[in-house]
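Okay, structure first, notes after.
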Amino acid sequence: MLNNATPPWELLCAPRDASTPLDEAGEVTLGQLRATAQAVCDDLRSLGEERLVLLEIADPLLFAAALYGTLLAGKVPVLKGTEFDFRLSDGAHGPGLTLSVSLRREEAGPLPALDPAQRIMLHTSGSTGMPKGIGKTLEAFWRESEMAGQYLSRWLHGDEAVASTVPPTHLFGLTFAIFFPLLHGLPLRRRRVLFPEDLATLGGGRHLLVSSPTFLTHLGSPHEGSGVAVCLSAGGRLGRGAVRRAQAQGIGELIDILGSTETGIMAHREAYREDQWTWFDGVTFDGGRLRSALIEDPQGFLLQDGVRPTGWSTFELLGRLDRVVKVGEIRVDLGEVERVILRQPGVTDAACISVEHGDRTMVGAVVVLEEGVPEGRQQRLMAKLRLNAALKEILEPAALPRLYRFVMAIPASESGKRDLVSLRSLFP
Amino acid sequence: MEDLEVQVKELIIEALSLEDMLPADIDSTAPLFGEGLGLDSIDALELGVALRERFGITLRGGDEAIRRGLSSVRSLVSYIKWCQSAA
């Protein structure tokens, strides 16, 4: 049976035995997590008053220690972004003041409690269609873990180890591969599952796998997924192919989760059996607005997806109402990509659309250059590499156009509106 | 250019839809991910599937050798050779 979730602000102050193991292999203890968090806190305090701390750490427990150390120092952890004062890293150095973090061998006793209102910043830049600076409180993470735990307790026994294909720096990874296991007392698997073949290394015992449509779409056969009792997927609705592959792999239960940075988790779907979504308990949708314990605004959140109710708590999702598309699990604002392309020297017009390529969605860019249409493969390649080299400085990899078409003018209707059919026909 | 190196480049171009690219356009020693070709984590998965289908080798992410193996075309070639000789 799944335990109730411990509030995250009490996780390291609870009078629990310091030798309690936190990971599947029994390598890291609660006491070590406390000692590492304390060391990170001391280091950050000695650096000065600046507050934004970017976390770039792959190991989930080291990530958790850095997160807690940052919060303990009264600073604000940043998951992803271009605006920060310090960086906490597990190795590679990059721009800005970087502190290298490693797990402490010694154990420490309980640390001071945190404030439930302390926030984790999920983004600090607008380059993928995200508004600037969305912060989520510890209280919201706790409510979310409770909400998910209540739903998932019908499948979870409470003895599962949690493995993840999603890094902790993604919100879904933080929510389900870090907070969910730590707060429910489930052991974590420290090594990330990067390739489908890694599933065969999970070994005995039951696992909860935190994953994504991109990963599940790439499942081959005959790999071994039978160690996965329950798999959670978020970041976009799972396609039928991915669901079939997961089933063929022996993955016990496959749960599709609908959520967003602004709203937290909203709805769920048992992917083997259900086509429609069901709102999580406590989530309501009315007049285009979503309300739940995870949304602070009493007016609710204006959902950018079309929703068609099919029952009291069930619905079909009709897709985005704006021009934000999912590339892998990353939201990409096509309008933003266009604006960035338009700012490049030598570009006079640009239009971006999403292009389906096999199982994959890519950004396709139609561009008008001052110099005209580049002639020949070499010139096209040069123009494309030049643009992407500049775009790479501003946009996330997922938002970079993979396919380019250079034209004399962007196809448009008589009224001047972009001709989507003609644009699409450029990417057969 | 070595034969296997060309094959690997062709595989990358085909599997990842790198339009207008020819094997000669890819620097054998440049990083495949991040800088250089600028491939992302979805590309890594696609490439993993393609390598499995073409060369029968499997990638296991936990293995440090893989991280090094995927760092450039040249190291990928040496990783494939190593897998084939170990098989």
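What follows draws every value from the coordinates through simple rules; no lab data is involved. What you see is a predicted model; the values in this text were computed from it and never measured. Note that each Cβ is placed from the backbone with ideal geometry, even for glycine, and that neighbours are counted across all protein chains shown.
Across the options A:LEU381, A:LEU342, A:PHE301, the greatest Cα extent toward the positive end of the charge dipole of region A:273-428 (unit charges at beta carbon of Lys, Arg, Asp, Glu) belongs to A:LEU381. Placing unit charges on the Cβ atoms of the charged side chains and taking the dipole of region A:1-138 about its Cα centre, the candidate lying farthest along the positive direction among A:GLY109, A:ALA18, A:PRO60 is A:PRO60. Near A:GLY335, once Lys and Arg are set to +1 and Asp and Glu to -1 for all other residues with Cβ below 9 Å from its Cβ, the sum equals -2. If contacts are Cα pairs under 8 angstrom and at least 6 residues apart, what is the relative contact order of chain A in percent? 11 percent. Each of A:LEU44, A:ALA398, A:GLY236 was placed along the dipole of chain A (beta-carbon charges, centred on the mean Cα), and the one lying farthest toward the positive end is A:ALA398. Comparing mean-square fluctuations of A:ALA18, A:ALA161, A:ALA140 from a GNM of chain A with C-alpha springs under 10 Å, the top value falls on A:ALA18. Here the 3J(HN,Hα) profile of region A:66-72, calculated from phi with Karplus coefficients 6.51, -1.76 and 1.60 at θ = phi - 60°, is 5, 4, 5, x, 5, 5, 5 Hz, Gly and Pro shown as x. Remark: mean inter-chain Cβ contacts per residue of A:390-400 equal 2, using a 10 Å Cβ-Cβ cutoff to other protein chain atoms. The order of the peptides A:253-266, B:13-26 by mean Cβ neighbours within 10 Å, most packed first, is A:253-266, B:13-26.
Overall form of region A:1-138: prolate. Here a/c, set by the Cα gyration tensor axes a ≥ b ≥ c, is 1.5 or more, and a/b is the larger of a/b and b/c.
Measuring between alpha carbons in the structure, the pairs from A:LYS392/B:LYS81; A:LYS80/B:LYS81; A:LYS326/B:LYS9; A:LYS326/B:LYS81; A:LYS326/A:LYS392; A:LYS326/A:LYS417 lying more than 30 angstrom apart are A:LYS392/B:LYS81; A:LYS80/B:LYS81; A:LYS326/B:LYS81. Relative contact order of region A:359-408, taken over Cα pairs closer than 8 Å and 6 or more residues apart, is 67 percent. Of the trypsin sites (Lys or Arg not before Pro) in region A:184-271, not one is in a loop by DSSP (not H, G, I, E or B) with at most 14 other beta carbons within 10 Å. Our summary gives region A:126-244 a relative contact order of 24 percent, counting only alpha carbon pairs under 8 angstrom and 6 or more residues apart. Residues A:TYR272, B:TYR79, A:TYR68, A:TYR151, arranged from fewest to most other Cβ atoms within 10 angstrom of their Cβ, appear as A:TYR272, A:TYR151, B:TYR79, A:TYR68.
Could you list the residues of region A:279-298 with an amide nitrogen less than 19 Å from a label point located 7 Å from the Cα of A:ASN4 in the Cα-to-C-beta direction? Under 19 Å, as judged by backbone N against the label point of A:ASN4, lie A:281-282, A:293-294 of region A:279-298.
Rounded, prolate or oblate for region A:228-373? Axes are the square roots of the Cα gyration tensor eigenvalues, ordered a ≥ b ≥ c, and the cut-off for rounded is a/c under 1.5. Oblate.
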